[in-house]
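Enquirer: Could you have a look at this structure, given as structure tokens, before my questions?
The values are calculated or read from the model by the stated rules, or taken from the named source; none is laboratory data. This one's a predicted model, so the numbers in the text were calculated from it and none came from an experiment. Quick reminder, even Gly has a Cβ in these numbers, built from the backbone with ideal geometry, and neighbours come from all protein chains shown. When the accessible area is computed, the model is the full protein with side chains, heavy atoms only, and any ligands, DNA or RNA have been set aside. Shrake-Rupley method; radii C 1.70, N 1.55, O 1.52, S 1.80 Å.
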Amino acid sequence: MTDAAALTARLDPTDLPYELRPFPARGARRTELDNSFAAFLTEESAALDECRYQDWLDLLDERFIYQLPVPLLREDPSLPRHSDRALLFEATKQVLAMKLGRVGLQYAWSDRPSGVMRHFLGAVRVFSAAEPDTWRVDCNVLVTWSRGRDEAVVVTAGRQDLVHCSGRGGYRLLRRRVLLDAEVATHEQLSVIF
Amino acid sequence: MAEALRRQESLPGFPLDRRAFFDDVVLDREFRQVFKESWQLLGFASELPDPGDYLVRRLGNDSVIVARDEQGGFSVLLNSCSHRGTQLCRATFGNAAHFRCSYHGWTFANDGRLVGVPSIRSNYPKDFRKQDHDLPRARVTCYRGFIFATWSDQAPPLEEHLGDFRWYLDAMLDLAGGEWEVYGPPQRSVMKGNWKVVTDNFAGDGYHMGTTHQAAFEQGIYGDSLADGTLGKGELELIGINIGTPQGHAVRAGYVVQKGRRTLPSTVTDPAYIGYPREVWEQFTAAQTPEQVRFNSHCEVVHGVVFPNAAFLSVSHDRAIGRENDPLTKYVVWRVHNPIDARRTECTYWTLVPRQLDEDWKRRSYAFQARSQSAGGILFEMDDFENFARIDAAISGTVADTAPLDLSLGLGLGTPVPDFPGPGRAEYLTLSEHNQRAFYRRWAELMEEGTRD
Ligand code: FES
Ligand SMILES: [Fe+2]
């Protein structure tokens, strides 16, 4: 292979794990799919809120990647409000499994006592995506978390998902990107899974 | 209260007054006597690559603009208009040759000079001189890409403030050829708790690893790496060395040695740079002095503090939090802990990567930091935040306030490291509050100033 060909092969985005690929752009708007994807995401959030963690993990593809880009407060409103490089947090399915597995550990201090989390989803919109059988689903989320008296968290964000759906009813999350509204979040807001 | 601390220092156990961790009166004094009189880390030159680039940061409790001027130099300017005090930059970063105030339109050049005043000729007195209204400028020194500033005219030059720590900073930077860059804009978050709590943790708290991070170790987030607090794996173990300097800076380095060894070997025959690609080890060695090689080789974890509020950590992760074939990879994170008030702290995190390593390595290093110990690092960092919040929740009651805290771990038990390559008093003792004592000693010294006559 020539150097140039080697380079192109290397740069083929489908060779790269999801965390290294650009987030898929929105394709055509698919309003007819909104309800079915909203139903899937509602069940998915309910699994988290109700602490059915294995049910939730089962909805993630093995390649799943979860990212919270660093919010950017810039002068010019036409520029992106989140970094395309820097992240407040990133997780693979394995990292999330460890996080959710902490509830079973006696000395996982920040998870014991545990807090109560609730997801409120709104404006679920489905778009086509370039990869076959995948859909980009954008929505608004408001998440609350409370624990004890002084620990009440409300956090709002835009959420962008890449969802695999083969058409036989099975949905799997491939990617999730969470765009926080606040520039600087508290550690409690950041401990939420969106 | 600082006097109280000094008196207590001579008591057995080195107790510490709790008021220092929740009282805004103490914080006010800290802003004037500790922060204003010290050099503070504001950011990195690589965050401002082009003329006109600016960042808004905090220097003590003042908002400042850090700007790169047309000549490539840095200015640190008070982010407050000289007319009525309006905040000049509302955004956190950008590029601008001038800052125009949003209230009446006074305009300042990015080196702080007042250059434009609407209606100056018609409506200001004849003797109004623009140059009397420039923005206050802090002293700035950029040392090897680290931008430090201070409001103090009296503070010694930065090099002197860094003192013995400078050797360690050089050694850590020279390890990877000397050229580092910040990976993306920094992460920021707000934590509950006083700024000193998190800072003293970074100065030398190896003691909390086994308890605070017990769950993380049980889950094996360090995989096959050795950063296992006090106990290593298999045939190896970790020896901790503490270095606290009179300026209040601290370094705690953990070295991998054969099990049963109590001391570091005095010569390094096969330098190893844990977490960096083997292909570059030889090149790394060639770029360092023999003393630097002895400091960096077989070092598995190093963390510490640059007084008053900067901290750093360098440690490795592997596929336990990565992909199947991910090799053990180091990350280096620098942080600043800025008080918002006595009980809340804003933390800024910069991950530095060696310029010479490839993009894959840099991305992996960054990912390991982002997954474990970033502002949202749910596997590790959260248990630290949890404990800092638990301190804050319990420290300030009437009775709680009267019970001193303790800083005596390892007091008098460390043994000097003979011919340690770096300066300062380096002592062996894997679990010790030696470094925290150096930090609080310097803090008390500055807090006391002006209270004695
Ligand atoms: S306050 Fe800035 S111009 Fe008046
Ligand atoms: Fe910790």
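Enquirer: Enumerate the pairs (first residue in segment B:39-50 and farther than 19 Å from B:E160 by Cβ; second residue anywhere and open to solvent by 10 Å² or more (accessible area, probe 1.4 Å) and part of a loop (DSSP other than H, G, I, E, B)) with beta-carbon separation below 6 Å, excluding pairs fewer than 6 apart on the same chain, so at least 6 apart or on different chains.
Expert: Short answer, once both residue conditions are applied: B:F44/B:G145; B:A45/B:G145.
Enquirer: Just checking, how many residues over segment B:364-380 are of a type outside the set (A, V, I, L, M) and facing another protein chain (nearest Cβ under 8 Å)?
Expert: Number satisfying all stated conditions: 5.
Enquirer: Can you tell me which residue is farthest from A:L87 (Cα to Cα) among those in segment A:143-159 that are buried (at least 19 other Cβ atoms within 10 Å of the Cβ) and of a type outside the set (V, I, T)?
Expert: A:W145
Enquirer: Now for a different question. State yes or no: is A:D133 farther than 19 Å from B:L379 by Cβ, within 14 Å of chain B (Cβ to nearest Cβ) and open to solvent by 60 Å² or more (accessible area, probe 1.4 Å)?
Expert: For A:D133, the condition - farther than 19 Å from B:L379 by Cβ, within 14 Å of chain B (Cβ to nearest Cβ) and open to solvent by 60 Å² or more (accessible area, probe 1.4 Å) - is not met.
Enquirer: Among the residues of segment B:184-201, which ones are facing another protein chain (nearest Cβ under 7 Å), crowded, with 22+ Cβ neighbours inside 10 Å and not in a strand (DSSP E or B)?
Expert: none
Enquirer: Let me confirm something: among A:S78, A:S128, which residue is among the hydroxyl-bearing types (S, T, Y) and in contact (Cβ under 8 Å) with a residue 12 or more places away in the chain?
Expert: A:S128 is the lone residue from the list that is among the hydroxyl-bearing types (S, T, Y) and in contact (Cβ under 8 Å) with a residue 12 or more places away in the chain.
Enquirer: If a residue has to be open to solvent by 20 Å² or more (accessible area, probe 1.4 Å) and either of a type in the set (D, E) or under 19 Å from A:K93 (Cα atoms) (or both) to count, how many in segment A:168-178 make the cut?
Expert: 4
Enquirer: Return a yes/no flag: does segment B:5-13 have any residue that is open to solvent by less than 20 Å² (accessible area, probe 1.4 Å), at pLDDT below 95 and not in a strand (DSSP E or B).
Expert: Yes.
Enquirer: Can you work out which of the residues in segment B:206-216 that are part of a helix (DSSP H, G or I) and surrounded by fewer than 17 Cβ atoms within 10 Å (Cβ to Cβ) is farthest from ligand 1 (Cβ to nearest atom)?
Expert: The qualifying residue farthest from ligand 1 (Cβ to nearest atom) is B:G210.
Enquirer: Another question, if that's okay. Could you tell me which numbered condition A:D181 fails, if it satisfies all but one of (1) surrounded by 16 or more Cβ atoms within 10 Å (Cβ to Cβ); (2) under 26 Å from B:S374 (Cα atoms)?
Expert: (1) is the only condition that A:D181 fails.
Yes or no, residue by residue, for (1) away from chain B (no Cβ under 14 Å); (2) not charged (D, E, K, R):
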| site | (1), (2) |
| --- | --- |
| A:S114 | no, yes |
| A:L121 | yes, yes |
| A:V124 | yes, yes |
| A:D150 | no, no |
| A:T156 | yes, yes |
| A:R177 | no, no |
| A:E188 | no, no |
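Enquirer: Would it be correct to say that B:G204 is within 21 Å of B:R294 (Cα to Cα), within 16 Å of ligand 2 (Cβ to nearest atom) and modelled with pLDDT of 85 or more?
Expert: Spelling it out, B:G204 is indeed within 21 Å of B:R294 (Cα to Cα), within 16 Å of ligand 2 (Cβ to nearest atom) and modelled with pLDDT of 85 or more.
Enquirer: Still on this model: Where residues in segment A:80-102 are open to solvent by 60 Å² or more (accessible area, probe 1.4 Å) and touching a helix residue (DSSP H, G or I) at 6+ places or on another chain (Cβ under 9 Å), which of them is nearest to the other protein chains (Cβ to nearest Cβ)?
Expert: A:R85
Enquirer: May I pose another question? What are the pairs, 6+ residues apart or on separate chains, where a residue within segment A:83-96 that is under 16 Å from B:H317 (Cβ atoms) has its Cβ under 7 Å from a residue that is among the acidic types (D, E) and open to solvent by 10 Å² or more (accessible area, probe 1.4 Å)?
Expert: A:E90/A:E19
Enquirer: Continuing with this model, one more query. Could you tell me which of the residues B:L357, B:L446 is open to solvent by less than 40 Å² (accessible area, probe 1.4 Å), modelled with pLDDT of 90 or more and not in a loop (DSSP other than H, G, I, E, B)?
Expert: Sole residue among the options that is open to solvent by less than 40 Å² (accessible area, probe 1.4 Å), modelled with pLDDT of 90 or more and not in a loop (DSSP other than H, G, I, E, B): B:L446.
Enquirer: Can you tell me which condition B:Y349 does not meet? The list is (1) surrounded by 24 or more Cβ atoms within 10 Å (Cβ to Cβ); (2) away from every other protein chain (no Cβ under 13 Å), and all the others hold.
Expert: The single condition B:Y349 does not satisfy is (2).
Enquirer: Further, regarding this structure: Under 7 Å between Cβ atoms, which residue pairs at least 6 apart in sequence (or on different chains) link something in segment B:206-217 that is more than 10 Å from chain A (Cβ to nearest Cβ) with a partner that is near ligand 2 (Cβ under 10 Å from one of its atoms) and not in a loop (DSSP other than H, G, I, E, B)?
Expert: B:H208/B:N201
Enquirer: Determine whether segment A:107-123 contains at least one residue that is over 16 Å from A:E44 (Cα atoms), open to solvent by less than 60 Å² (accessible area, probe 1.4 Å), assigned to a strand (DSSP E or B) and in contact with a Phe, Trp or Tyr (Cβ under 7 Å, 6 or more places away or on another chain).
Expert: Scanning segment A:107-123 turns up no residue that is over 16 Å from A:E44 (Cα atoms), open to solvent by less than 60 Å² (accessible area, probe 1.4 Å), assigned to a strand (DSSP E or B) and in contact with a Phe, Trp or Tyr (Cβ under 7 Å, 6 or more places away or on another chain).
Enquirer: Would you mention how many residues in segment B:63-102 are within 14 Å of chain A (Cβ to nearest Cβ), of a type in the set (S, T, N, Q), over 20 Å from B:W151 (Cα atoms) and open to solvent by 40 Å² or more (accessible area, probe 1.4 Å)?
Expert: Total meeting the criteria: 2.
Enquirer: Same structure again: Among what's in segment A:63-79 and is hydrophobic (A, V, I, L, M, F, W, C) and part of a loop (DSSP other than H, G, I, E, B), pick the residue that is least open to solvent (accessible area, probe 1.4 Å).
Expert: A:L72
Enquirer: Okay, moving on. Of all residues being touching a strand residue (DSSP E or B) at 6+ places or on another chain (Cβ under 8 Å) and of a type in the set (D, E) in segment B:344-402, which is farthest from ligand 2 (Cβ to nearest atom)? Just the residue, please.
Expert: Residue satisfying both the conditions and the ranking: B:E346.
Enquirer: Every residue in segment B:315-343 that is in contact with a Phe, Trp or Tyr (Cβ under 7 Å, 6 or more places away or on another chain) and of a type in the set (S, T, Y), please.
Expert: Residues satisfying the conditions are B:T329, B:Y331.
Enquirer: Determine the pairs where a residue that is closer than 19 Å to A:R74 by Cβ, located within segment B:82-106, has a partner that is among the acidic types (D, E) with Cβ atoms under 7 Å apart, the partner being 6 or more residues away or on another chain.
Expert: If the second residue must be among the acidic types (D, E), the pairs left are B:A91/A:E75; B:T92/A:E183; B:G94/A:E75; B:N95/B:D50; B:N95/B:D53.
Enquirer: Take the residues in segment B:103-133 that are crowded, with 16+ Cβ neighbours inside 10 Å and of a type in the set (F, W, Y); name whichever of them is farthest from the chain's Cα centre (by Cα).
Expert: B:W106
Enquirer: Which ones in segment B:302-325 are farther than 13 Å from B:Y366 by Cβ, in a loop (DSSP other than H, G, I, E, B) and within 14 Å of another protein chain (Cβ to nearest Cβ)?
Expert: The answer is B:D318, B:R323, B:E324, B:N325.
Enquirer: So, one more: What's the number of the only condition in (1) away from chain B (no Cβ under 13 Å); (2) exposed (fewer than 15 other Cβ atoms within 10 Å of the Cβ); (3) at pLDDT below 95 that A:C165 fails to meet?
Expert: (2)
Enquirer: A follow-up question, please. Please go through segment B:130-155 and give me each residue that is assigned to a loop (DSSP other than H, G, I, E, B) and away from ligand 1 (no atom under 16 Å from the Cβ), ordered by number.
Expert: B:A138, B:R144, B:G145, B:W151, B:S152, B:D153, B:Q154, B:A155, listed by residue number.
Enquirer: Looking at B:V280, B:V353, B:V301, can you tell me which residue is out of contact with any Lys or Arg (no Cβ under 7 Å at 6 or more places or on another chain) and more than 30 Å from B:R442 (Cβ to Cβ)?
Expert: B:V280
Enquirer: Separate question: Keeping to segment B:282-315, report how many residues are open to solvent by less than 40 Å² (accessible area, probe 1.4 Å) and farther than 28 Å from B:L42 by Cβ.
Expert: Number of matching residues: 4.
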